[in-house]
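Here the structure is laid out as structure tokens; the discussion comes afterwards.
The values are calculated or read from the model by the stated rules, or taken from the named source; none is laboratory data. Just so you know, these numbers come straight off a predicted model, no measurement behind them. Using ideal geometry, Cβ is built from the backbone for each residue, glycine included, and neighbour counts are taken over all protein chains shown. The accessibility values were calculated without ligands, DNA or RNA, using every heavy atom of the protein model including side chains. Shrake-Rupley method; radii C 1.70, N 1.55, O 1.52, S 1.80 Å.
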Amino acid sequence: MENIKEYLKAERNQEWRAELRKSMKAKERTGRERNDMLERDPNVRNKNIDEVNLGLTEELALADARRCIDCANPTCITGCPVGINIPKFIKKIETGDYLGAAVVLKETNALPAVCGRVCPQDKQCENNCFYTISLKKPAVAIGNLERFAADYERNSGQMAIPEVAAPNGIKVGVIGSGPAGLSAAGDLCKLGYDVTVFEALHEIGGVLKYGIPEFRLPNEIVDVEIEVMRKMGIKFKTNFLVGRTATIDELKEQGYEAFFVGSGAGLPRFMNIPGENYNGILSSNEYLTRVNLMNAANPDFDTPVLKGKNVAVIGGGNTAMDSVRTAKRLGAERSVIVYRRSLVEMPARVEEVKHAQEEGIEFMNLHNPVEYFADENGRVNRMRIQKMELGEPDTSGRRRPIVIPNSEFEIDVDTVVVSVGVSPNPLIPASLPNLKMTDWGTIVVDQDTMQSSIPELFAGGDIVRGGATVILAMGDGRKAAAGMHKYIQEKINK
Amino acid sequence: MNKIVEKEFFSENVAKLVIEAPEIAKSRKPGHFVIIRIDERGERIPLTIAGSDIEKGTITLVVQKVGVTSAKLLALNEGDVIRDVVGPLGKATHIENIGTVLCAGGGVGVAPLLPIVEGFKKAGNRVVTVLAARTKDLIILEDQMREFSDEVILMTDDGSSGRKGLVTAGMEEVIKREKVDMCMTIGPAIMMKFAALTTKKYNIPTEASLNTIMVDGTGMCGACRVSVGGKTKFVCVDGPEFDAHEVNFEEMMSRLGGYKELEAEAYEKYLKNAE
Ligand SMILES: Cc1cc2nc3c(=O)[nH]c(=O)nc-3n(C[C@H](O)[C@H](O)[C@H](O)COP(=O)(O)OP(=O)(O)OC[C@H]3O[C@@H](n4cnc5c(N)ncnc54)[C@H](O)[C@@H]3O)c2cc1C
Ligand SMILES: Cc1cc2nc3c(=O)[nH]c(=O)nc-3n(C[C@H](O)[C@H](O)[C@H](O)COP(=O)(O)OP(=O)(O)OC[C@H]3O[C@@H](n4cnc5c(N)ncnc54)[C@H](O)[C@@H]3O)c2cc1C
Ligand code: SF4
Ligand code: FES
């Protein structure tokens with residue numbers, strides 16, 4: 001920890017940074033207003049899948065970068081799970097060195113263009129910014145600036161292919177191509193390993209592809225990163241379900257020395273209430289997979305999707321917001337969030353809630369479904385809901401929802417998307433009886449090396465944490481790559 | 001990319017496809033299935049692995065034309081490629097030597113039944129197979145079934161081949177005449193429902209292989225869910241075979257129709273374009 005502080009201090013004392021600080025008074029910096037990204041018109045964008053945010057213009061980015069006072073004690077960094085040197089990249093932007101800013105980001109974050117779009121900045125870096133904590137003003141737009149620098153680099157056509165060490169000929173396997181797997185693969189490749197990523201689906205990217213919609217994270221952005229990884233020499237095997245197509249033992253026989261498991265938490269949970277299996281009631285995973293992975297809303301593609309007129313989405317997380325906004329885009333007249341707590345407790349990114357509200361999404365907060373009803377064809381047509389109120393905080397610190405007795409009523413629906421959480425994918429654990437698991441079905445790992453109870457098996461991301469975030473998954477992937485490197489080198493040098 | 005190395009029509013609407021898939025050929029067991037996607041724009045559909053050749057690195061699928069994707073698949077020829085094939089998926093059939101096994105199949109269920117009939121026979125069981133169809137022309141895989149069954153009983157609704165009557169009549173005939181240790185049924189949900197009611201009367205353990213709608217086939221979406229013994233199960237990972245006496249067939253039938261209108265629309269469009 002001390003080392004990091006020393007390092008940050010040394011960085012901050014570099015001449016260019018000191019100069020820059022002097023070039024403008026802190027008062028002048030803090031007197032400026034935060035800019036918003038340009039956005040598409042809510043009433044236009046809720047009818048198509050174009051990306052909602054248009055990013056910052058160069059001018060806006062410079063203005064926002066100037067707000068950062070380059071704190072001696074940059075508290076923002078403590079809020080970042082991978083410890084991005086935030087003031088440094090922002091000050092690079094201020095000097096106009098956008099490519100340099102991207103380099104700073106990539107020191108610790110393999111996918112800044114993705115994180116700039118989907119990280120919960122409002123709970124992480126920006127929540128710990130000096131502006132938020134001490135000035136009680138809107139934070140420096142760290143997320144927007146991250147996105148700006150990463151997009152600038154991508155659009156510049158000067159995307160750097162990271163340097164890769166001389167091949168060491170050692171085969172390692174990465175299971176799952178979500179953010180955890182991709183970041184582990186990237187780091188292992190840089191260290192010289194012969195990396196193969198195995199992915200069960202026909203597309204690379206995990207939730208980034210099948211879950212998060214195009215209007216929030218265009219596929220192209222993920223594809224560009226994957227292309228870079230291919231150029232680095234990483235091999236991708238799609239349609240390969242480890243544990244079924246081949247087992248880990250069989251892969252070991254093929255010469256794989258160690259594995260990183262980033263198989264995610266892809267199992268949808270249902271509420272197990274009466275009528276939940278009627279037609280028209282589906283998990284957010286199914287709904288989003290049909291639309292995002294299978295392109296179901298496009299008539300030229302074969303996969304169908306139900307386009308409801310009256311859609312209710314159960315839940316308050318990012319997945320729920322993505323589903324409810326997708327429903328609107330597919331033409332729903334009424335697209336409603338039904339969430340058992342209040343707006344403040346919603347786990348979704350603040351920006352997504354705001355965008356949803358602008359797009360005409362209704363919120364039935366403090367409501368919970370108890371039963372579904374169907375027409376003579378078995379298609380859901382009504383749901384019974386009960387009202388809730390908030391009680392004492394529970395273990396998560398959020399106030400517990402309590403049922404208000406005799407408050408039940410019914411509303412009309414023709415499509416319901418259940419978005420109440422996911423469970424870890426049991427496939428890998430089920431195929432490895434010796435693997436130590438928690439009661440929640442996550443893999444037990446060493447916090448520092450991400451090594452599991454099977455020495456050659458490392459794991460990270462949602463399969464270790466349950467449903468978490470992209471940045472945490474990526475952080476785990478990096479840590480695990482370092483852990484695997486150490487493990488393999490020690491084994492070889494013995 | 002998986003190449004079709006052999007294609008043979010069994011009847012107008014049913015064909016066998018042998019495709020390259022060396023890894024799947026090695027790991028598959030009877031009861032397993034694959035999910036395929038024909039091309040960039042295709043949907044993912046489940047198909048049972050009817051057989052495999054480890055040396056040649058191929059698996060065999062038997063496909064019946066019922067809608068857009070199955071029709072497109074049957075329109076492919078030797079040398080063409082299927083873009084995506086993933087598997088083996090699902091739980092393998094629990095095959096052991098238990099004595100006499102009654103296999104009852106109809107409609108879309110006959111193809112997936114074939115490897116199971118073969119498996120039970122090779123495990124040393126006496127296998128009696130009842131195949132049912134509306135009429136003579138719709139009976140498929142009769143010869144293949146005969147190869148692995150001690151006896152094949154044909155049932156048609158109109159009596160145009162075999163005996164006139166439903167699958168259950170054929171089943172009861174066998175049950176009344178000899179001791180049946182277990183029953184396996186695959187077919188339209190309505191058929192499986194009545195097959196299950198029949199064997200329940202005689203207390204014969206019965207497994208049904210459920211052909212629900214699927215998307216990923218890896219437990220990720222829940223499209224394939226059914227109620228078994230009052231609990232929700234995912235057919236792609238918990239099945240596809242379940243205790244037939246516990247399955248809620250009414251619900252399953254209803255769920256199979258969940259996309260009926262969209263499917264019909266798509267098929268009409270496909271046929272029009274094919275003209
Ligand atoms: C709709 C939605 C919206 C979200 N929005 C946000 C957001 O805005 N911000 C944020 O930070 N987080 C968000 N999240 C959460 C975030 O996406 C996850 O925490 C993150 O993707 C986890 O990464 P992962 O690599 O662990 O797993 P995943 O991204 O789930 O990837 C796992 C991959 O492994 C594959 N796989 C599984 N088993 C096998 C096997 N046996 N063999 C081969 N492959 C296998 C799967 O097919 C999958 O592709 C969202 C999640 C969803 C579903
Ligand atoms: C585990 C499993 C194994 C299967 N194995 C085989 C196999 O070996 N050979 C084979 O031909 N088919 C098999 N099926 C069924 C096959 O997946 C469907 O026939 C196929 O998805 C239909 O797609 P389509 O686009 O051609 O028709 P669609 O347009 O999707 O449907 C056309 C019509 O067929 C009905 N239908 C759709 N899906 C099914 C289904 N799963 N079962 C019964 N009726 C359906 C629809 O209700 C509709 O009326 C299997 C299904 C499962 C779940
Ligand atoms: S805490 Fe805020 S103002 Fe201070 S360095 Fe970080 S981003 Fe800049
Ligand atoms: S097909 Fe998606 S969970 Fe079974």
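Residue under question is A:K479, and the condition is that it be assigned to a helix (DSSP H, G or I), open to solvent by 20 Å² or more (accessible area, probe 1.4 Å), modelled with pLDDT of 90 or more and within 16 Å of ligand 1 (Cβ to nearest atom); does it hold? Give the steps one after another, and end with the answer.
Working: assigned to a helix (DSSP H, G or I): yes; open to solvent by 20 Å² or more (accessible area, probe 1.4 Å): yes; modelled with pLDDT of 90 or more: yes; within 16 Å of ligand 1 (Cβ to nearest atom): yes.
Yes: the conditions hold for A:K479.
Does the stretch B:231-239 contain any residue that is touching a Cys at 6+ places or on another chain (Cβ under 6 Å) and within 16 Å of ligand 1 (Cβ to nearest atom)?
In the first step, residues of the stretch B:231-239 are kept if they are touching a Cys at 6+ places or on another chain (Cβ under 6 Å); the result is B:234-236.
Next, from what is left, pick out any that are within 16 Å of ligand 1 (Cβ to nearest atom): B:234, B:236.
Among the residues of the stretch B:231-239, at least one is touching a Cys at 6+ places or on another chain (Cβ under 6 Å) and within 16 Å of ligand 1 (Cβ to nearest atom), which makes the answer yes.
Taking the condition part of a helix (DSSP H, G or I), open to solvent by 40 Å² or more (accessible area, probe 1.4 Å) and among the aliphatic types (A, V, I, L, M), does A:I221 pass?
Values: part of a helix (DSSP H, G or I): yes; open to solvent by 40 Å² or more (accessible area, probe 1.4 Å): no; among the aliphatic types (A, V, I, L, M): yes.
Judged against the criteria, A:I221 is not a match.
Check the stretch A:453-462 and report whether any residue there is surrounded by fewer than 17 Cβ atoms within 10 Å (Cβ to Cβ), in contact (Cβ under 8 Å) with a residue 40 or more places away in the chain and part of a loop (DSSP other than H, G, I, E, B).
For the stretch A:453-462, residues surrounded by fewer than 17 Cβ atoms within 10 Å (Cβ to Cβ), in contact (Cβ under 8 Å) with a residue 40 or more places away in the chain and part of a loop (DSSP other than H, G, I, E, B): absent.
Out of all the residues in the stretch A:178-197, is one or more within 14 Å of chain B (Cβ to nearest Cβ), more than 16 Å from ligand 2 (Cβ to nearest atom) and touching a helix residue (DSSP H, G or I) at 6+ places or on another chain (Cβ under 9 Å)? Quick ask: steps written out before the conclusion?
Step one: filter the stretch A:178-197 for residues within 14 Å of chain B (Cβ to nearest Cβ), giving A:178, A:196.
This time we only want the ones that are more than 16 Å from ligand 2 (Cβ to nearest atom), so: A:178, A:196.
So of that shortlist, the ones also touching a helix residue (DSSP H, G or I) at 6+ places or on another chain (Cβ under 9 Å) come out as A:178, A:196.
Within the stretch A:178-197, one or more residues are within 14 Å of chain B (Cβ to nearest Cβ), more than 16 Å from ligand 2 (Cβ to nearest atom) and touching a helix residue (DSSP H, G or I) at 6+ places or on another chain (Cβ under 9 Å).
Say whether the condition of being of a type in the set (D, E), crowded, with 24+ Cβ neighbours inside 10 Å and away from ligand 4 (no atom under 16 Å from the Cβ) is met by at least one residue in the stretch A:143-154. Steps first, answer last, please.
Start the filter on the stretch A:143-154 by keeping residues that are of a type in the set (D, E), which leaves A:146, A:151, A:153.
Keeping just the survivors that are crowded, with 24+ Cβ neighbours inside 10 Å gives A:146.
With away from ligand 4 (no atom under 16 Å from the Cβ) added as a condition, the list becomes A:146.
Scanning the stretch A:143-154 turns up at least one residue that is of a type in the set (D, E), crowded, with 24+ Cβ neighbours inside 10 Å and away from ligand 4 (no atom under 16 Å from the Cβ).
Among the residues that make up the stretch B:56-65, is at least one of them free of Cβ contacts under 8 Å to residues at least 60 places away in the same chain, part of a strand (DSSP E or B) and closer than 17 Å to A:A246 by Cα?
Applying the first criterion (free of Cβ contacts under 8 Å to residues at least 60 places away in the same chain) to the stretch B:56-65 yields B:56-61, B:63, B:65.
Next, only the ones that are part of a strand (DSSP E or B) stay: B:58-61, B:63.
Checking the rest, the ones that are also closer than 17 Å to A:A246 by Cα come to B:58-59.
Checked the stretch B:56-65: at least one residue is free of Cβ contacts under 8 Å to residues at least 60 places away in the same chain, part of a strand (DSSP E or B) and closer than 17 Å to A:A246 by Cα.
I'm told A:T196 meets every condition in (1) in contact (Cβ under 8 Å) with a residue 40 or more places away in the chain; (2) open to solvent by 10 Å² or more (accessible area, probe 1.4 Å); (3) not in a loop (DSSP other than H, G, I, E, B) except one. Can you identify the failing condition by its number?
(2)
Table: residues versus (1) away from ligand 4 (no atom under 16 Å from the Cβ); (2) open to solvent by 30 Å² or more (accessible area, probe 1.4 Å); (3) under 18 Å from A:Q121 (Cα atoms); (4) aliphatic (A, V, I, L, M).
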site: A:V44; (1), (2), (3), (4): yes, yes, no, yes
site: A:I49; (1), (2), (3), (4): yes, yes, no, yes
site: A:E59; (1), (2), (3), (4): yes, yes, no, no
site: A:L62; (1), (2), (3), (4): yes, yes, no, yes
site: A:R66; (1), (2), (3), (4): yes, yes, no, no
site: A:N73; (1), (2), (3), (4): yes, yes, no, no
site: A:P81; (1), (2), (3), (4): yes, yes, yes, no
site: A:I84; (1), (2), (3), (4): yes, no, yes, yes
site: A:P87; (1), (2), (3), (4): yes, no, yes, no
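If I ask for residues that are open to solvent by 40 Å² or more (accessible area, probe 1.4 Å) and either part of a loop (DSSP other than H, G, I, E, B) or modelled with pLDDT of 95 or more (or both), which ones from the stretch A:417-436 would you list?
Scanning the stretch A:417-436 gives A:V420, A:P426, A:P433, A:N434, A:K436.
For the stretch A:253-306: of the residues being closer than 30 Å to A:F458 by Cβ and assigned to a loop (DSSP other than H, G, I, E, B), which is farthest from ligand 4 (Cβ to nearest atom)?
Here is the first cut: in the stretch A:253-306, the ones closer than 30 Å to A:F458 by Cβ are A:253-269, A:283-285, A:288-289, A:292-293.
Then keep just the ones that are assigned to a loop (DSSP other than H, G, I, E, B); that gives A:254-255, A:262-266, A:269.
Details: A:Q254: 29, A:G255: 32, A:G262: 20, A:S263: 15, A:G264: 14, A:A265: 14, A:G266: 9, A:R269: 12 Å.
By that ranking, first place goes to A:G255.
Where residues in the stretch B:240-273 are more than 10 Å from chain A (Cβ to nearest Cβ) and under 19 Å from the mean Cα position of the chain (by Cα), which of them is nearest to B:S70 (Cα to Cα)?
First, the residues of the stretch B:240-273 that are more than 10 Å from chain A (Cβ to nearest Cβ): B:240-247, B:249, B:264, B:267-268, B:271-273.
Next, from what is left, pick out any that are under 19 Å from the mean Cα position of the chain (by Cα): B:240-245, B:247, B:249.
Values: B:P240: 20, B:E241: 22, B:F242: 25, B:D243: 28, B:A244: 27, B:H245: 30, B:V247: 27, B:F249: 24 Å.
Among those residues, the one meeting the criterion is B:P240.
Being open to solvent by less than 40 Å² (accessible area, probe 1.4 Å), among the charged types (D, E, K, R) and in contact with a strand residue (DSSP E or B) (Cβ under 8 Å, 6 or more places away or on another chain): is that true of B:R126 here?
Numbers: open to solvent by less than 40 Å² (accessible area, probe 1.4 Å): no; among the charged types (D, E, K, R): yes; in contact with a strand residue (DSSP E or B) (Cβ under 8 Å, 6 or more places away or on another chain): yes.
So B:R126 fails the test.
I'd like to check something: does the stretch A:141-156 contain any residue that is in contact with a helix residue (DSSP H, G or I) (Cβ under 7 Å, 6 or more places away or on another chain) and either within 16 Å of ligand 2 (Cβ to nearest atom) or free of Cβ contacts under 8 Å to residues at least 40 places away in the same chain (or both)? Show your work before the answer.
Going residue by residue through the stretch A:141-156, those that are in contact with a helix residue (DSSP H, G or I) (Cβ under 7 Å, 6 or more places away or on another chain) are A:141-154, A:156.
Cutting the leftovers down to either within 16 Å of ligand 2 (Cβ to nearest atom) or free of Cβ contacts under 8 Å to residues at least 40 places away in the same chain (or both) gives us A:143.
Yes, the stretch A:141-156 contains at least one residue that is in contact with a helix residue (DSSP H, G or I) (Cβ under 7 Å, 6 or more places away or on another chain) and either within 16 Å of ligand 2 (Cβ to nearest atom) or free of Cβ contacts under 8 Å to residues at least 40 places away in the same chain (or both).
Mind telling me which of the residues A:N295, A:N277, A:N285 ends up being closer than 25 Å to B:F234 by Cβ and buried (at least 24 other Cβ atoms within 10 Å of the Cβ)? Even if it seems obvious, please write down each step before you answer.
Working: A:N295 fails: buried (at least 24 other Cβ atoms within 10 Å of the Cβ); A:N277 fails: buried (at least 24 other Cβ atoms within 10 Å of the Cβ).
Selected residue: A:N285, the only one of A:N295, A:N277, A:N285 that is closer than 25 Å to B:F234 by Cβ and buried (at least 24 other Cβ atoms within 10 Å of the Cβ).
Just wondering, is there one or more residues in the stretch B:57-71 that are open to solvent by 50 Å² or more (accessible area, probe 1.4 Å), over 23 Å from A:V305 (Cα atoms), modelled with pLDDT of 95 or more and over 20 Å from the mean Cα position of the chain (by Cα)? So that I can check it myself, show each step before the final result.
Step one: filter the stretch B:57-71 for residues open to solvent by 50 Å² or more (accessible area, probe 1.4 Å), giving B:64-66.
Narrowing the set further to residues that are over 23 Å from A:V305 (Cα atoms) leaves B:64.
So of that shortlist, the ones also modelled with pLDDT of 95 or more come out as none.
No.
What number goes with the only condition from (1) in contact with a strand residue (DSSP E or B) (Cβ under 7 Å, 6 or more places away or on another chain); (2) open to solvent by less than 10 Å² (accessible area, probe 1.4 Å) that A:L208 does not pass?
The number of the failed condition is (1).
Which one is nearest to ligand 4 (Cβ to nearest atom) among residues in the stretch B:23-50 that are closer than 20 Å to B:K122 by Cα and either part of a strand (DSSP E or B) or within 7 Å of another protein chain (Cβ to nearest Cβ) (or both)? Reasoning before the result, please.
Taking the stretch B:23-50 first, the residues closer than 20 Å to B:K122 by Cα are B:25-33, B:48-50.
Now narrow it down to the ones that are either part of a strand (DSSP E or B) or within 7 Å of another protein chain (Cβ to nearest Cβ) (or both): B:27, B:33, B:48-50.
Values: B:S27: 19, B:F33: 11, B:T48: 15, B:I49: 17, B:A50: 20 Å.
Step by step, filter the stretch B:23-50, then rank; the result is B:F33.
One line per residue, one yes/no per condition, for (1) under 28 Å from B:Y259 (Cα atoms); (2) in contact with a Phe, Trp or Tyr (Cβ under 8 Å, 6 or more places away or on another chain):
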site	(1), (2)
A:E376	yes, no
A:R379	yes, yes
A:M383	yes, yes
A:I402	no, no
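Taking A:K88, is it in a helix (DSSP H, G or I) and within 16 Å of ligand 3 (Cβ to nearest atom)?
Details: in a helix (DSSP H, G or I): yes; within 16 Å of ligand 3 (Cβ to nearest atom): yes.
Yes, satisfied.
Condition first: open to solvent by 30 Å² or more (accessible area, probe 1.4 Å) and not β-branched (V, I, T). Now tell me which residues in the stretch B:224-245 satisfy that.
B:G229, B:G230, B:K231, B:K233, B:D238, B:D243, B:H245
Do we have any residue at all in the stretch A:306-325 that's within 16 Å of ligand 2 (Cβ to nearest atom) and over 21 Å from the mean Cα position of the chain (by Cα)?
First, the residues of the stretch A:306-325 that are within 16 Å of ligand 2 (Cβ to nearest atom): A:306.
Then keep just the ones that are over 21 Å from the mean Cα position of the chain (by Cα); that gives A:306.
Checked against the condition, which is being within 16 Å of ligand 2 (Cβ to nearest atom) and over 21 Å from the mean Cα position of the chain (by Cα), the stretch A:306-325 yields at least one hit.
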